[in-house]
Structure formats: structure tokens, C-alpha cells
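To start, the structure under review is shown below, and the notes come after it.
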Amino acid sequence: MAAQAPVIISSESPFASDVFTKRHPALIERLTGAWPFGPGQHQALTELAQENVHGVIQPLPASAANAERWREWGSNFYGLPWAEAPFLWAESYFYRRLLEAVGYFAPGPWHKVDLFAPFKQAELTGEVVSAEIAALDDIANLADDERGQALLLSSLWGNRADLALQITAGRSSEASGLVADDSTVLWKLLRSAPGGTVALVADNAGSELVADLVLIDHLMASNLADEVVLHVKPQPYYVSDAGLVDVADCLRALLLGKGASRAVGERLREAAAVGRLRLTANDFWCAPFDFTAMPQSLREELTTATVTILKGDLNYRRLVGDRWWDPTLPFDQVTSYFPGPVAALRTLKSDVIVGITPAKLAELNASGSGWRTAGTHALVQVHQP
């Protein structure tokens, strides 16, 4: 692995600073408008919002679930302003504190309630998903490689997915907004070892997870994978991150469709029934660390995969490390530790980036846009040991 660059501290990044001073308080306000919380929950949420902006990081109560573990994980950061802690750790800890504030882990009516379910459901029943499902009929007759690339790009762009656009974009990186494009390498890797196991670590629920499921179906139907292991979050995380219930909701949306959509849903349901599609939710996916801290059992599982496909911005930050890397540093150098072949499908929504050519970097910097964080650019990067 490459020599370590400095960790991103929230106060050093305008984007990260805004997460704590603007985005988190706004999220808490949105949650209080969506749920009938009681006085104690309102007070805890208000205090958390104020702490994010003006206070210092407080540890979990001693009685909280996994309190001792979190006290160890945060021993260097408690008592600091939120903006002075590593961005990756602090953002993850905020969501753990949010669940604590509403009683997610405690016995009672709020036990294991997904706070973000209303927002996920609103997207799943919205126009984007409807258009996405309808577009499956349009691509059903494409050649395998064209259909696969369209589905890959749809999965990549998440809630900006537009299958019709991806069809016309084809393999053009410029047309599809990619700053790095190893998609040809990914398809070659999959075809070089057909019939194996593909691991896909999900990111967002809603339209992105629908696109992920359709891509998974394509991999199995094309015999590029005999088995797919879909990794989701074990608890609500980062507002829109996918959990087991979200997979069920998205599968139901496919089954309620017609034509190609229903056929995809039926194949996926059958694949799950016979063990070709397996779901898992490892606690590590909600830990506040990068993937160098991955437990041995998970490393061993991913070692057996033909490729691990990591979806989204957070998984990218955890893969390469949430650090101020030189953007032209080769992707292979910072991912050489990973236990097997790995592919990152990411829409850019944070500061960290590697694997960009000097010419592309100069072009992006000269554009005057906030290309690193605006979600207007994306990448497909692959590392093969």
C-alpha cells in the first residue's frame, strides 16, 4: 500500500464542515417532522444537533449497546469539537448517536425502527424508479455486452440512474461523466472466471438498489456469476443506506412491474430460494474505519470472490482511506491490501480521489466546478492482485 497521506479532518474541508454544521441539523429537523417522537427523544435530538455545531463529542451512555467498544474506538476524540475529529470516524459516530437518541437499541416501541424508512419509501414509489423499471423493456433486446454496460452505469449513478441515457452514452466515458473508466477491465475479469462468486457491497436503497438488483440478475443470467452475495447494512445508516428490508421492498417493486421487470424479480426470488443470491449484513459495514481494519472472517469470505464490487462514495472512502491523497496516485497502490479483486463504482460526493490521470485532473480543476463533491462525476476503478 502507498505511504499514508494525512487523514481528512472535518475542519480542513469545507464540504466535511458543512456536514456537521448544516447537513446533520437539517436531517434531525427532517426526522422530527416525519415521526411522532416523544419529549425525551426531541430533547436528545436537539442536544445532538447543538453538539454537532457548537459542542464537543460526547461518549455513549455506559448502558448503551456496544458502549465499551465505542469508548475504545473514540478514545482519542471524545472532548474534541466534532469538526476536529477524522471525518470518516465522526460521521459514522453521528449515526450511532442518532440511533441512541431515539431508542433504536432499547426495548420498547422504537426498538429496531428504521428512522429513514419514510424517505426510502418516498423514493421507491417515485417517478425515478417507475422510469427505471419501465426502461427494462427497452433494453431487453440489446446484445449482452450493451445491456450489461447500460445496467452497470445505471447501478453506478444510483439515484441519477437513467437507463435511456446510459444506452445512448454507451461506452463513452465523456458522455457518461466518468473521470476514470475501468469498466472494460471489469467485464474482462468477470468473463475470465465465469460461474464463480461475485460479492456486491450495496450503498443506497431506492432506485440505486433496484439498479443493483437488476445488474445482479444480469450477471447470473449471463453466467458471469453462479452466485452473488449481496452485502447490506445491519442497521439504519447514512440516511439512505440499504438494509435487508430495503432489498425486500425493491424486489417487491420489480415483481409489481410488468414485462422485463417482473421477469427480473421472479428470477431473483428464485435465485434466493436456491441459494444463488445470498444476503448478509456484517457489523463491520457500520464500523467507523476503513477496510484495512476488516475482520479476518470477512477478509477470508471476500478472498473467494471473483470480484468484490463496492458501491458508492462511503465504500470508496473506506477502500482507499479517507485521506488527502494525490489524485494522480494509482488506484492499485492504495488498494493492494484488499483480499481479492475489487471494483469501485462510485459517484463523487466527497473530497478523496485517486487514480486520475494528470491531464484529466488538470481539465477537472480548470472547470471551476466542485467536481469532487457535487455528484456530477463518477468513476469505475478496478484492482486485480
Can you work out which of the residues in region 189-216 that are part of a loop (DSSP other than H, G, I, E, B) and out of contact with any Cys (no Cβ under 8 Å at 6 or more places or on another chain) is surrounded by the fewest Cβ atoms within 10 Å (Cβ to Cβ)?
G195
Residues of region 135-152 being surrounded by fewer than 18 Cβ atoms within 10 Å (Cβ to Cβ) and without any contact (Cβ under 8 Å) to a residue 60 or more places away in the chain, in sequence order, are D138, N141, L142, A143, D145, E146
If you scan region 116-160, which residues turn out to be of a type in the set (S, T, N, Q) and within 19 Å of D246 (Cβ to Cβ)?
Q121, T125, S130, S154, S155, N159
List pairs: first residue in region 86-98 and within 13 Å of A49 (Cα to Cα), second residue of a type in the set (D, E) and surrounded by fewer than 21 Cβ atoms within 10 Å (Cβ to Cβ) anywhere in the structure, Cβ distance under 9 angstrom, at least six positions apart or on different chains.
R97/E51
Name every residue in region 300-334 that is among the charged types (D, E, K, R) and closer than 23 Å to G375 by Cα, in order of residue number.
K311, D313, R317, R318, D322, R323, D326
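Residue by residue, here is whether (1) more than 17 Å from H218 (Cβ to Cβ); (2) in contact with a helix residue (DSSP H, G or I) (Cβ under 7 Å, 6 or more places away or on another chain); (3) modelled with pLDDT under 95 holds:
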| residue | (1), (2), (3) |
| --- | --- |
| L153 | no, yes, yes |
| L163 | no, yes, yes |
| G177 | yes, no, yes |
| K188 | no, no, no |
| V198 | no, yes, no |
| S207 | no, yes, yes |
Scanning for something closer than 25 Å to D212 by Cβ and not in a loop (DSSP other than H, G, I, E, B), does region 79-91 turn up at least one residue?
yes
Give me the pairs: first residue in region 242-269 and β-branched (V, I, T), second residue in a helix (DSSP H, G or I) and at pLDDT 95 or above, beta-carbon distance under 6 Å, and six or more apart or on different chains, which are they?
V264/V214; V264/D217; V264/L254
From D313, D332, D322, residue being out of contact with any Ser or Thr (no Cβ under 7 Å at 6 or more places or on another chain) and buried (at least 19 other Cβ atoms within 10 Å of the Cβ)
D322
So which helices (runs of 4 or more DSSP H) are wholly in region 1-69 and hold at least 1 residues that are farther than 28 Å from H111 by Cβ and of a type in the set (D, E, K, R)?
14-18
Check on Y104, touching a residue at least 24 places away in the same chain (Cβ under 8 Å), buried (at least 18 other Cβ atoms within 10 Å of the Cβ), part of a loop (DSSP other than H, G, I, E, B) and not assigned by TED's automatic domain parsing to the domain that holds L251:
yes
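Listed here are the residues, each with its yes/no results for (1) free of Cβ contacts under 8 Å to residues at least 24 places away in the same chain; (2) surrounded by 13 or more Cβ atoms within 10 Å (Cβ to Cβ).
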{"site": "F15", "(1), (2)": "no, yes"}
{"site": "R23", "(1), (2)": "yes, yes"}
{"site": "I28", "(1), (2)": "no, yes"}
{"site": "F37", "(1), (2)": "no, yes"}
{"site": "V53", "(1), (2)": "no, yes"}
{"site": "P61", "(1), (2)": "no, no"}
{"site": "A67", "(1), (2)": "yes, yes"}
May I ask you to verify whether N76 is in a helix (DSSP H, G or I) and either touching a residue at least 40 places away in the same chain (Cβ under 8 Å) or under 23 Å from S11 (Cα atoms) (or both)?
no
Among the candidates L219, L230, residue that is under 20 Å from the mean Cα position of the chain (by Cα), buried (at least 20 other Cβ atoms within 10 Å of the Cβ) and in a strand (DSSP E or B)
L230
Answer yes or no as to whether A362 is part of a helix (DSSP H, G or I) and either in contact with a strand residue (DSSP E or B) (Cβ under 7 Å, 6 or more places away or on another chain) or in the same structural domain as F284 (by TED's automatic domain parsing) (or both).
yes
Identify, by number, the condition in (1) crowded, with 18+ Cβ neighbours inside 10 Å; (2) over 25 Å from D246 (Cβ atoms); (3) not assigned by TED's automatic domain parsing to the domain that holds L186 that L99 doesn't meet.
(2)
Could you tell me whether region 309-330 includes any residue that is hydrophobic (A, V, I, L, M, F, W, C), farther than 26 Å from E208 by Cβ and in the same structural domain as A202 (by TED's automatic domain parsing)?
yes
Looking at region 203-256, which of its residues are aliphatic (A, V, I, L, M) and touching a Phe, Trp or Tyr at 6+ places or on another chain (Cβ under 7 Å)?
V239
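The values are calculated or read from the model by the stated rules, or taken from the named source; none is laboratory data. All of these numbers come straight from a predicted model, not from anything done at the bench. Here Cβ is always computed from backbone atoms with ideal geometry, including for glycine, and neighbour counts include all displayed protein chains.
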